[in-house]
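Only one structure is covered here, and it is reproduced in the block below.
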Amino acid sequence: MMDRDFVRAALAEACARHFFETFDGNLGNLRDLYHEDAWMTFVGEKYQGRPAISAKFESLGLQHSQHSITSVDSHPMREDGAMFVQVLGHWNFTEAGGHQQIRNFCEGFYLLPTPEGGYCIMNDIFRLVSPVPPENYYMITD
């Protein structure tokens, strides 16, 4: 029998890859990955429900998007298979005006199992991560 942690980690990674492949391929299709009553925080702005979340993605006006995942971590949340997934990575994107950026990101998902055997996103928190200059590091000393 397979180890539950291994199975959950594989599911979490598959869900993350599917999300970012969908994001990079067709933002409009992200709508179907969210629960009807989902919550999303995108760089500090909160949105509730599929229509509001879809409108936010459409408003990004991206000409190009490519995510590179560097790590995926997950925890079980409930007996029904719900899980929390945290993804770190790099996002290479080109805005509508042609301005290209490569940014680090952190995104956390609370995934619920669906009756069809898949998962949907109930909660999503996305942040761009800026490098911290060494003079601002917080050091714990004895």
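If I filter region 67-78 for residues that are of a type outside the set (A, V, I, L, M, F, W, C), under 16 Å from LEU33 (Cβ atoms) and within 14 Å of the chain's Cα centre (by Cα), do I get at least one hit? Working first, answer last.
Of region 67-78, the ones of a type outside the set (A, V, I, L, M, F, W, C) are 67-68, 70-71, 73-76, 78.
Now narrow it down to the ones that are under 16 Å from LEU33 (Cβ atoms): 67.
With within 14 Å of the chain's Cα centre (by Cα) added as a condition, the list becomes 67.
Taking every residue of region 67-78 in turn, at least one turns out to be of a type outside the set (A, V, I, L, M, F, W, C), under 16 Å from LEU33 (Cβ atoms) and within 14 Å of the chain's Cα centre (by Cα).
One residue is enough: does region 111-132 have a residue meeting the conditions on the phi > 0 side of the Ramachandran plot and at pLDDT below 95? Checked region 111-132: at least one residue is on the phi > 0 side of the Ramachandran plot and at pLDDT below 95.
Give the residue that is nearest to GLU13 (Cα to Cα), with candidates limited to residues of region 70-86 that are in a strand (DSSP E or B) and among the aliphatic types (A, V, I, L, M). Among residues in region 70-86 that are in a strand (DSSP E or B) and among the aliphatic types (A, V, I, L, M), the one nearest to GLU13 (Cα to Cα) is VAL72.
Is it the case that GLY98 is farther than 19 Å from ASN123 by Cβ, surrounded by fewer than 14 Cβ atoms within 10 Å (Cβ to Cβ) and either out of contact with any strand residue (DSSP E or B) (no Cβ under 6 Å at 6 or more places or on another chain) or touching a residue at least 12 places away in the same chain (Cβ under 8 Å) (or both)? Give the steps one after another, and end with the answer.
Working: farther than 19 Å from ASN123 by Cβ: yes; surrounded by fewer than 14 Cβ atoms within 10 Å (Cβ to Cβ): yes; either out of contact with any strand residue (DSSP E or B) (no Cβ under 6 Å at 6 or more places or on another chain) or touching a residue at least 12 places away in the same chain (Cβ under 8 Å) (or both): yes.
For GLY98, the condition - farther than 19 Å from ASN123 by Cβ, surrounded by fewer than 14 Cβ atoms within 10 Å (Cβ to Cβ) and either out of contact with any strand residue (DSSP E or B) (no Cβ under 6 Å at 6 or more places or on another chain) or touching a residue at least 12 places away in the same chain (Cβ under 8 Å) (or both) - is met.
The lone criterion from (1) touching a helix residue (DSSP H, G or I) at 6+ places or on another chain (Cβ under 9 Å); (2) at pLDDT 95 or above left unmet by GLY81 is number (2). Within region 31-51, being loosely packed, with under 11 Cβ neighbours inside 10 Å and aliphatic (A, V, I, L, M) holds for one residue alone: VAL43. Within region 53-69, how many residues are in contact (Cβ under 8 Å) with a residue 12 or more places away in the chain, outside any loop (DSSP other than H, G, I, E, B) and small (Gly, Ala, Ser)? Selection size over region 53-69: 3.
SER74 meets the conditions (1) among the polar types (S, T, N, Q); (2) more than 15 Å from GLY108 (Cβ to Cβ); (3) surrounded by 17 or more Cβ atoms within 10 Å (Cβ to Cβ) in every case but one. The failed one is (2).
The values are calculated or read from the model by the stated rules, or taken from the named source; none is laboratory data. Note that the structure is a prediction, hence the values are computed from the model and not measured. Ideal geometry is used to build each Cβ from the backbone, glycine not excepted, and the neighbour counts take in all protein chains shown.
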